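A.B. asks: Would you mind keeping the following structure in view while I ask a few things?
The values are calculated or read from the model by the stated rules, or taken from the named source; none is laboratory data. Keep in mind that this is a model prediction, so the values were computed, not measured. Please note: Cβ atoms are built from the backbone with ideal geometry, for glycine as well, and neighbour counts cover all protein chains shown. The protein model used for the area step is the full one, side chains on, heavy atoms only, and it has no ligands, DNA or RNA in it. Shrake-Rupley method; radii C 1.70, N 1.55, O 1.52, S 1.80 Å.
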Amino acid sequence: MNDVINDTQIEPTRPSTFTLELQDEIGIITMDVPGERMNTLRASFVDEIHALLTDIKANSNIKGLVLRSGKADSFIAGADVNMLAACTSAEQAEALSKAGQDMFNQLEALDIPLIAAIHGPCLGGGLELALACHGRVCSDHEKTRLGLPEVQLGLLPGSGGTQRLPRLVGLTKALDMMLAGKQLRAKQALNAGLVDDMVPPSILLDTAIALARSGKPSHKRKRDIKTLLLEANPLGRKLVFDKALSTLRGKTRGKYPAPETLLEVVQTGLEQGMRTGLAAEARAFGELVMSPESAALRQLFFATTEMKKETQWQGESPNTVAHVGVLGGGLMGGGIAYVTATKAELPVRIKDVSHRGINQAMANAHRLLATKVSKRHLRHTEMQQQLGRMTGTLDYSGFERVDLVVEAVYEDLDVKRNMVAEVEAHCPEQTIFATNTSSLPIHQIAEGAARPGQILGLHYFSPVDKMPLAEIIPHAGTHPTTVATALKLARAQGKTPIVVQDSAGFYVNRILAPYLNEAARLLLEGEPIEAIDSALVDYGFPVGPMTLLDEVGIDVAAKIAPILERELGPRFKAPDAFGKLLEDNRHGKKNGRGFYRHQAGSGSKKAKPVDDSVYRLLNIKPQSRLPAQELAERCVLLMLNEAAITLDEGVIASARDGDIGAVFGIGFPPFAGGPFFYMHQQGIQAVVDKMEECARKYGERFAPCEPLRRLAAEGGSYY
């Protein structure tokens, strides 16, 4: 039983957020932000914590402290990012950082031990708060994660994290965590020395109390000879920083300022001391908050957060999905089944025409899970449990319980219509039919169906286990409940779904097609394959367009192109190069013959050599003529133009959805925020001017669309 002083709680100014009670001379501080699912740190808490510390210092009965969360499944998810939107200058953002630093410095300066009891996410400002404590104990629960992910928002830790983390876990481990925004599981945190102990949630509080009672932990790290040589002297540390900077520039191509700035701040603190390091941290934090890259990344964060809160569609709530069926055990079907069983944690029944297809899906799931087990991210028993949710059949046995079926067979309208008829015959009346088509109109697939209101598109991207986007495509007769249910399932599968109109190419493939077509035109003009790819990677895309064509399949791109041209007009006409490549049996990576040479069975991540015979096939003499920036702009401007048209036509509901779709579906540079946020930051008139310049040089296909011209004339923007 808790021994509460005078049977009352010692409360700070706003007791609804922080409460303090005494248990056998140990003060238990509970943080519970009212009305929120997770705790986040806010500037308004500064006065509350000052009042709390005043109460603690005035009470000589308190010999130690434990900080815990009042939320069931989270510690502190980070600082409230909304605070930054109110900053209009770097100085204002710097002041926020300094306030956080001062608050945590006061906690660190307490004479009595302060121990953080961590269960669930402990991220960003939450971990910075835990680092300011004298010790940390975490639960061994799967939900427990510790990390400083600020670089993913174009920022760096601003409340002392850049200074305390390297001093606690060592320079190399700290950089590994901060530069990539990596989150550690409980066991990894224990091994890194980030926490002092790891225990089951049931004894977390008792363990933290015992640690607080035993005094401040010493945190003397065991360091091997290699670590001592690298981190314990200036020359060794310089080698670490130089190596980190070289690796960073290879990955970011100079497009993300936050990681390099973080490196400088950490180095300043280690070389010139904690006080100077904290000052550098606050100054850099303020500058990064005002950077266009951080504005774009925060916009994406807000957009995805907002979308997760949307639980209905057109006022309708989703149906319950307890069992899922998948038609087709190939690459896509197997991937869909995998995320259903592992992320959504739902039983999934795979139907295929052969045992080979089912076995392929099962083997792929086993391979992915076995990799997690080998990395100790998953227990073997958990792997068996997840695999146990996947079963297969050659008929429709087991489908009598299925609430939603995802069809992932090949792109043939008659075959898909037949699948609809079979599902309606073998599944319950309420079963939803979701087709994974990438090009066929949904309303055509639904023609002749008994229950067309339960049919929609659910378009995943390959590889399904990695690509975060899903397009939900209702046709005119799809019931809103069907859409709401598909949205709920996609989110449970770990996807970020957007709803798009049932029109040719939907959204992602439609804006991607002009981009790929222009890359092919550049090739036909003689630009080398590797020069085109390098230009777009330098621009910020994860891979270049020629590599993307090889990955997706040249045959797939060639099949979609005439559909888009027929439905949307001559601006989608593909260059003749695609036809010649197919005649030469070049399908890309899948058959080892594309723009690059792909060695069968090779899993190497090394750059593939260009297949020079492509140049002879297309009668090209490759020679770099255009600057890389111009190569990239020619491809990107056509994507921007098409994105503007899709929004004007209602293919997407908002600029927000268009940005999410482009970033998560095709890797549009995240630091630019997506096509619409990029045009917003550049200025609509500036984008129109650039398109008109390209139209004069390269042809009318670059002429800005009417919606862009109209927006520029009105002085408007997308945000």
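A.B. asks: With (1) under 30 Å from residue 438 (Cα atoms); (2) open to solvent by less than 70 Å² (accessible area, probe 1.4 Å) as the list, and residue 314 as the residue in question, which single condition is left unmet?
C.D. replies: Condition (2) is where residue 314 drops out.
A.B. asks: Moving on. Across segment 318-327, what is the number of residues that are among the small types (Gly, Ala, Ser) and surrounded by fewer than 24 Cβ atoms within 10 Å (Cβ to Cβ)?
C.D. replies: Going through segment 318-327 one residue at a time, the tally reaches 1.
A.B. asks: Does segment 70-78 contain at least one residue that is closer than 22 Å to residue 194 by Cα, outside any loop (DSSP other than H, G, I, E, B) and either open to solvent by 70 Å² or more (accessible area, probe 1.4 Å) or in contact with a helix residue (DSSP H, G or I) (Cβ under 6 Å, 6 or more places away or on another chain) (or both)?
C.D. replies: Yes, some residue in segment 70-78 is closer than 22 Å to residue 194 by Cα, outside any loop (DSSP other than H, G, I, E, B) and either open to solvent by 70 Å² or more (accessible area, probe 1.4 Å) or in contact with a helix residue (DSSP H, G or I) (Cβ under 6 Å, 6 or more places away or on another chain) (or both).
A.B. asks: Give me the residue from segment 429-454 that is free of Cβ contacts under 8 Å to residues at least 40 places away in the same chain and open to solvent by 30 Å² or more (accessible area, probe 1.4 Å) and, out of that set, nearest to residue 562 (Cα to Cα).
C.D. replies: Looking at residues that are free of Cβ contacts under 8 Å to residues at least 40 places away in the same chain and open to solvent by 30 Å² or more (accessible area, probe 1.4 Å), I get 444.
A.B. asks: Could you list, in sequence order, the residues of segment 101-157 that are in contact with a Pro (Cβ under 7 Å, 6 or more places away or on another chain), open to solvent by 10 Å² or more (accessible area, probe 1.4 Å) and free of Cβ contacts under 8 Å to residues at least 60 places away in the same chain?
C.D. replies: Selection gives 145 alone.
A.B. asks: Could you tell me which of the residues 409, 405 is in contact with a Phe, Trp or Tyr (Cβ under 8 Å, 6 or more places away or on another chain) and either more than 30 Å from residue 555 (Cα to Cα) or not charged (D, E, K, R) (or both)?
C.D. replies: Only one candidate passes the filter, namely 405.
A.B. asks: Looking for whichever is assigned to a helix (DSSP H, G or I), open to solvent by less than 20 Å² (accessible area, probe 1.4 Å) and either at pLDDT 95 or above or more than 29 Å from residue 329 (Cα to Cα) (or both) here; the options are 497, 514. Which one fits?
C.D. replies: Only one candidate qualifies: 514.
A.B. asks: Within segment 79-100, which residues are open to solvent by 50 Å² or more (accessible area, probe 1.4 Å), in a helix (DSSP H, G or I) and either of a type outside the set (A, V, I, L, M, F, W, C) or on the phi > 0 side of the Ramachandran plot (or both)?
C.D. replies: Within segment 79-100, 82, 91, 92, 98 qualify.
A.B. asks: Starting from segment 58-69, keep only residues that are within 12 Å of residue 209 (Cβ to Cβ) and in contact (Cβ under 8 Å) with a residue 24 or more places away in the chain, then list their pairs with residues that are open to solvent by 30 Å² or more (accessible area, probe 1.4 Å) and of a type in the set (Lys, Arg) whose Cβ atoms are within a distance under 6 Å, requiring at least 6 positions of separation or different chains.
C.D. replies: 64/213
A.B. asks: Another question about this same structure. When you scan segment 465-486, how many residues do you find that are open to solvent by 20 Å² or more (accessible area, probe 1.4 Å) and either under 23 Å from residue 663 (Cβ atoms) or assigned to a strand (DSSP E or B) (or both)?
C.D. replies: Here the count works out to 5.
A.B. asks: Where in segment 546-650 are there helices (runs of 4 or more DSSP H), lying wholly inside it, with at least 3 residues that are in contact (Cβ under 8 Å) with a residue 40 or more places away in the chain, in contact with a helix residue (DSSP H, G or I) (Cβ under 8 Å, 6 or more places away or on another chain) and of a type outside the set (S, T, N, Q)?
C.D. replies: Fully inside segment 546-650 and qualifying: 554-568, 628-649.
A.B. asks: Checking the structure you have, find out if any residue of segment 250-262 is surrounded by fewer than 21 Cβ atoms within 10 Å (Cβ to Cβ) and aliphatic (A, V, I, L, M).
C.D. replies: For segment 250-262, residues surrounded by fewer than 21 Cβ atoms within 10 Å (Cβ to Cβ) and aliphatic (A, V, I, L, M): absent.
A.B. asks: Do you know which residues across segment 244-301 are farther than 27 Å from residue 88 by Cβ and among the aliphatic types (A, V, I, L, M)?
C.D. replies: If the condition is that a residue be farther than 27 Å from residue 88 by Cβ and among the aliphatic types (A, V, I, L, M), then 244, 245, 248, 263, 266, 270, 274 are the ones that fit.
A.B. asks: Name the one entry in 671, 677 that is in contact with a Leu (Cβ under 7 Å, 6 or more places away or on another chain) and not in a loop (DSSP other than H, G, I, E, B).
C.D. replies: Every option except 671 fails the conditions.
A.B. asks: How about segment 691-702: which of its residues are free of Cβ contacts under 8 Å to residues at least 60 places away in the same chain and buried (at least 17 other Cβ atoms within 10 Å of the Cβ)?
C.D. replies: 691
A.B. asks: Looking at segment 282-319, which of its residues are farther than 11 Å from residue 155 by Cβ and of a type in the set (D, E, K, R)?
C.D. replies: Answer for segment 282-319, where residues must be farther than 11 Å from residue 155 by Cβ and of a type in the set (D, E, K, R): 283, 306, 308, 309, 310, 316.
A.B. asks: Picking from 580, 573, which residue would you name as being charged (D, E, K, R) and in contact with an Asp or Glu (Cβ under 8 Å, 6 or more places away or on another chain)?
C.D. replies: On inspection, the qualifying residue turns out to be 573.
A.B. asks: How many of the residues making up segment 380-395 are surrounded by fewer than 18 Cβ atoms within 10 Å (Cβ to Cβ) and not in a helix (DSSP H, G or I)?
C.D. replies: 5
One line per residue, one yes/no per condition, for (1) closer than 23 Å to residue 207 by Cβ; (2) at pLDDT below 90; (3) in contact with a Leu (Cβ under 7 Å, 6 or more places away or on another chain):
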site	(1), (2), (3)
12	no, yes, yes
22	yes, no, no
25	yes, no, no
35	no, yes, no
78	no, no, yes
84	no, no, no
92	no, no, no
97	no, no, no
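A.B. asks: Checking the conditions here, which among 495, 466 is touching a Pro at 6+ places or on another chain (Cβ under 9 Å) and farther than 16 Å from residue 407 by Cα?
C.D. replies: Among 495, 466, only 495 is touching a Pro at 6+ places or on another chain (Cβ under 9 Å) and farther than 16 Å from residue 407 by Cα.
A.B. asks: Quickly run through segment 396-424 and pick out the residues that are closer than 24 Å to residue 489 by Cα, assigned to a loop (DSSP other than H, G, I, E, B) and not polar (S, T, N, Q).
C.D. replies: 396, 398, 402, 403, 408, 409, 410, 411 - these are the residues of segment 396-424 that are closer than 24 Å to residue 489 by Cα, assigned to a loop (DSSP other than H, G, I, E, B) and not polar (S, T, N, Q).
A.B. asks: On the basis of being exposed (fewer than 13 other Cβ atoms within 10 Å of the Cβ), modelled with pLDDT of 95 or more and among the polar types (S, T, N, Q), does residue 629 make the cut?
C.D. replies: yes
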